[in-house]
Amino acid sequence: MNRRHQQSRKVTSACFVGASAVSVLWFRKPFTSPCKDSSGSRILALVVVLAPAWISACRMHTGRPEDACQTPSKESEAEVLIDARATSALSFLKESQFRHGSWRAFSGGTLTTSLCGLAFLVWGQTPSSLEFGDTVSAAARFLEGAADPFSGWIGLSEGSQWHQMYAHGYATLFLATVCPMIRSDKYLTDRIHDLLPKLALRIVQAQSRQGDWSSFWQPHGSVDMLLTTVFVYALIAVRRAGHDVAETDLNRVLDSIVHRQGVDGGISSEATVIVYQTRLPRLEASLLASCATGAIEQAGGFGAWRSSTLASFVKERLVESKAPLFAHSYSFDILPYRAEFALHSANGEFLEYLHAETWRYQERNGSWYSSPHETALALLSLGVCNGFVRLGLAP
């Protein structure tokens, strides 16, 4: 029941009660009408007074179609459908979680667990939520315990080096975001707060001289723009959690992106931009770079001109391309950033296209391809599409 309907019911009830009270008091008062049949006149007057309120109340409580307030709008019906489908997807993740708190799509589980945890947060689920709170808390405990006590890295158990790097970035982003939301476990909160500076330090230490990051432990000539964006989001989240992150480290990211920009504002075709060891087209590389610079700009208030030139390049080409969203092996991985850019740049046409196309691939069990990994990435994208939160500036 929407708010307008509730208010209408209250007004109708008040009118009905008020008319009844006035009529009863008037009925009991001595009648001085010159009419001979005074009781009949009183009954007729009572019906006239009560009829409008009585008819309106009947329509309101019986849900007759004549009442415009009772008819739900298309927007409210769509919202109910989206909530149901999202709950179905979150329930799939809850049921597929292991007892110790992880989800496993790769060997170690830290990458998928971080993404699943973020998916719950983007859809408004916290450790104190009634239905999914225990699921979020279990994920936080697992990731806190997965940090290597010697190196400070999370994700060393992943099967490949690039999965290890992505796992560390997303785990840092999730832990820094969920830590202020944990109310009932002070021990876990304290341990996460102690861990966050170490996680941020490892990210900064892996930064190349140019200011970006690659998929391997030792930086080289190429840049992994998705990893760079993930690490930027993670560092911003650590700073928002109350820990020091030097602005110079974020400024170096901006310098590195500017160094790779072409004359038209997009990432140059000569720049070697990769994701999961796959060379990324200019449009996708520029989109990720725009998300990174936009997040730095909003978090620190600098770099505005750099993000605007990238955003202009991407926005002009994004709707025109209309490329299939899931045509490449990395399509799901950059899906949340497509939504992030479309929301940030107020690109409503592409946002609607992405929203509809992503929901179209949901399966009957609520998942995408029956995979927790793909389901989490789809939920992240859809949560951003609905305007719940920006991934780079999570609550």
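Numerical summary
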{"read-out": "Selection count where residues are crowded, with 19+ Cβ neighbours inside 10 Å and either modelled with pLDDT under 90 or not assigned by TED's automatic domain parsing to the domain that holds Gln362 (or both), scope segment 76-104", "value": "0"}
{"read-out": "Residues within segment 261-292 that are surrounded by fewer than 16 Cβ atoms within 10 Å (Cβ to Cβ) and either modelled with pLDDT of 90 or more or on the phi > 0 side of the Ramachandran plot (or both), tallied", "value": "1"}
{"read-out": "Some residue of segment 242-254 being in contact with a Phe, Trp or Tyr (Cβ under 9 Å, 6 or more places away or on another chain) and modelled with pLDDT of 90 or more", "value": "yes"}
{"read-out": "Condition met for Glu340 (touching a Lys or Arg at 6+ places or on another chain (Cβ under 7 Å), among the charged types (D, E, K, R), crowded, with 18+ Cβ neighbours inside 10 Å and without any contact (Cβ under 8 Å) to a residue 60 or more places away in the chain)", "value": "yes"}
{"read-out": "Filter result for Val263 (assigned by TED's automatic domain parsing to the domain that holds Lys315, in contact (Cβ under 8 Å) with a residue 12 or more places away in the chain and either assigned to a loop (DSSP other than H, G, I, E, B) or β-branched (Val, Ile, Thr) (or both))", "value": "no"}
{"read-out": "Subset of segment 115-163 [under 18 Å from the mean Cα position of the chain (by Cα) and aromatic (Phe, Trp, Tyr)]", "value": "Phe120, Trp123, Phe132"}
{"read-out": "Wholly enclosed helices (runs of 4 or more DSSP H) of segment 105-192 bearing at least 1 residues over 21 Å from Thr229 (Cα atoms)", "value": "133-145"}
{"read-out": "Pairs with Cβ under 9 Å, 6+ apart, first in segment 320-334 and assigned to a helix (DSSP H, G or I), second modelled with pLDDT under 75", "value": "Ser331/Pro324; Asp333/Tyr276"}
{"read-out": "Residue list for segment 355-374, filter: among the basic types (Lys, Arg) and part of a helix (DSSP H, G or I)", "value": "Arg360"}
{"read-out": "Failed item, numbered, when Arg209 is tested on (1) of a type in the set (Lys, Arg); (2) buried (at least 18 other Cβ atoms within 10 Å of the Cβ); (3) outside any helix (DSSP H, G or I)", "value": "(2)"}
{"read-out": "In segment 225-260, residue surrounded by the fewest Cβ atoms within 10 Å (Cβ to Cβ) [restricted to those that are touching a Gly at 6+ places or on another chain (Cβ under 7 Å) and of a type in the set (Val, Ile, Thr)]", "value": "Ile236"}
{"read-out": "Number of positions in segment 184-200 that are over 13 Å from Arg141 (Cα atoms) and among the aromatic types (Phe, Trp, Tyr)", "value": "0"}
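The values are calculated or read from the model by the stated rules, or taken from the named source; none is laboratory data. Note that this is a predicted model, so its numbers are computed, not measured. Neighbour counts run over all protein chains shown; Cβ positions are idealised from the backbone, glycine included.
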